[in-house]
Amino acid sequence: MNTLPSIESIAVSTLVAHQHNARKHSKKQIRQIADSIQTFGFKVPVLIDGNNRLICGHGRVAACKLLGIDQVPTIRADDLDDAKIHAFMIADNRLTENGEWNNVLLAENFKILSDLDLDFDLEVTGFAYGEIENLLALEDESSSEEPPVPAADSLPAIVQTGDLWHLGVHRILCGDSLEYGSYKTLLPGKNRASIIFTDPPYNLPAKDIGKTCEASHGDFAMGAGEMTSTQFQEFLETVFDHLAKFSKSGSIHYICMDWRHAPELISAGKNVYSEWKNLCVWNKNSGGMGTFYRSQHELVFVFKSGKGKHQNHFELGQHGRHRTNVWNYPSVMHLKESDGDKGGKEALNLHPTIKPVAMIEDAFKDCSKRGEIVLDPFLGSGSTLIAAEKTGRICHGIELSPRYVDVAITRWQEWTGKDAIHAESGMTYKNKASR
C-alpha cells in the first residue's frame, strides 16, 4: 500500500469547494489562516479528489484567495471512494478536537517565544493575546510577590536631574514631563509607546491626601495645590499633548486622578484625545481620609489617542479575562490594617498616592502586548516600572524628583538582581553609590 502520495501544484482557480463540507470558517479565521501562511509559508498541502474537488483545506484555499496566491500544493486522494471521502472530511476536522493541551508545556512554549525578538505576532499561533497572557500567568506565578519596599530616607542620593538610566530594556529620565525635550531624549527616533499608564500629581497638598503622607513626604515638587483650576488643566493638557505625540495612534492612555480634579482632567483629555473610552474606579477595599464621606476610591480615566485601532485583549471576558470598570485591589491603607501597619507604612514611605502593581499589570494585559513600550511621565516610585518588568513590557519613565528615581531604581534592582546603568558614564548605579 502506497502511503507516500506525491504533491502537485494546482491553480487555485481550478479548485472546487465540496458541497458537503460541514466546517464553517469565519472571516476572522480566514484572516488568521492567511496570517499563518504569510508567516510560515504554505506547509500543509490541501487534499483533493480526481476532479479537483476539495476534501480538506477549504480554509487554506480561502486564505490563498484573500492573499492573491495563485498556486497551492495538493495531494490527490484517488484511492478514496465517495463514502470514505465523506467520512474523512468529518474525521480530519473532528479528530483534532479530541485532543487536549498540556497547559504547562504550552505556557513554556509561549514563554520561550515571548523572550525572543520575533518578527511575527504571537497571535499567528491561533491563540488570542488574552489567552496567551493567561497562559503566561501560569509561568509567572512564582514571581507574583513584589520585592520589599525600600524606605526613601534610607537610600543614598545618587540620581541627579538630567540623568538617563538604562535598567535592562527599560529607561528612566530624571526630568520634567512638561518639556518636549524630555520625551525626545527618552524616545529617540521613531520609538513610540503602545500604552500609557500614569498617576499625575493631584494638585493637592500632602495634608489633603492623608496625615501619613504629610508626615512622610511633605508636598510634591509640583502639582501640590499651588495651581488654579485653569492652570492645572493647562498643566495636564501640556503633558497629554506630549503623550499623544510620543505614542502610537490607537494607543490607550490610563490617567489616574482624585475626584476633586476630575473636571480639569476631563476637559484636558477632551482637548487632546480622540475618544474618552471609559472611567474606571479603583475600589481600595477600605476608606481613607475625608470628613464628608471617607474616600474609598480613585478614578482612572481611559482615553484613546488617535484614529488607529486600539488593542482590546479582554473582549468582554471571552478569553478568560473578565474585566469591568470597577477595579478591586487592596490599598496601602488596607495593607496597613492587614499587615500590622508594617506593609502600609513601607509603601507610603515610597509615594503618597502609590498604586498597586497588580492593578497596573492588568491594565497592561488589557491593552498592550509583551515587548511593547509603556510610557509613564510621572513615574514616582516606579510601580509602572515593576509592572512592566513583571509582564514583559518595556517601561520608559520620566520623574522630576531625583529622590523618587533613586527609589524606582532600587526597587527594580532588588526585584531583578540586575544593575541599572547610567547612560552617559556607563557606570552602574552601585558603583556611583560607592563613590
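Condition first: closer than 22 Å to ALA193 by Cβ and in contact (Cβ under 8 Å) with a residue 24 or more places away in the chain. Can you find one or more residues in segment 426-434 that meet it? No. Selection of segment 239-266 for residues being in a helix (DSSP H, G or I) and surrounded by fewer than 16 Cβ atoms within 10 Å (Cβ to Cβ) yields ASP241, LYS245, TRP259, ARG260, ALA262, PRO263. Of the residues ILE55, ILE30, the single one that is in a strand (DSSP E or B), free of Cβ contacts under 8 Å to residues at least 40 places away in the same chain and not small (Gly, Ala, Ser) is ILE55.
Summed over segment 118-141, residues that are touching a residue at least 60 places away in the same chain (Cβ under 8 Å), part of a loop (DSSP other than H, G, I, E, B) and not hydrophobic (A, V, I, L, M, F, W, C) total 2.
Filtered by the rule that a residue be surrounded by fewer than 21 Cβ atoms within 10 Å (Cβ to Cβ) and either within 16 Å of LEU385 (Cβ to Cβ) or under 23 Å from the mean Cα position of the chain (by Cα) (or both), segment 156-170 gives ASP163, LEU164, HIS166, GLY168, VAL169. Suppose we keep only residues that are outside any helix (DSSP H, G or I) and within 41 Å of the chain's Cα centre (by Cα) within segment 33-52. Which one would you say is farthest from PHE88 (Cα to Cα)? Once the filter is applied, the top-ranked residue is GLY41.
For segment 280-287, does any single residue satisfy the condition of being under 26 Å from SER182 (Cβ atoms) and charged (D, E, K, R)? No.
Results for (1) outside the structural domain of ILE398 (by TED's automatic domain parsing); (2) surrounded by fewer than 21 Cβ atoms within 10 Å (Cβ to Cβ); (3) at pLDDT 90 or above; (4) closer than 30 Å to LEU316 by Cβ, shown as yes or no for each residue.
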residue: LYS336; (1), (2), (3), (4): no, yes, no, no
residue: LEU348; (1), (2), (3), (4): no, no, no, no
residue: THR353; (1), (2), (3), (4): no, no, no, no
residue: ASP362; (1), (2), (3), (4): no, yes, yes, yes
residue: LYS365; (1), (2), (3), (4): no, no, yes, yes
residue: GLY371; (1), (2), (3), (4): no, yes, yes, yes
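Within segment 390-400, if we keep just the residues that are modelled with pLDDT of 95 or more and not in a strand (DSSP E or B), the residue that is surrounded by the fewest Cβ atoms within 10 Å (Cβ to Cβ) turns out to be LEU400.
The values are calculated or read from the model by the stated rules, or taken from the named source; none is laboratory data. Being a predicted model, the structure only gives us computed values, none of them experimental. Don't worry about glycine lacking a Cβ; one is built from the backbone with ideal geometry, like all the others, and counts go over all protein chains shown.
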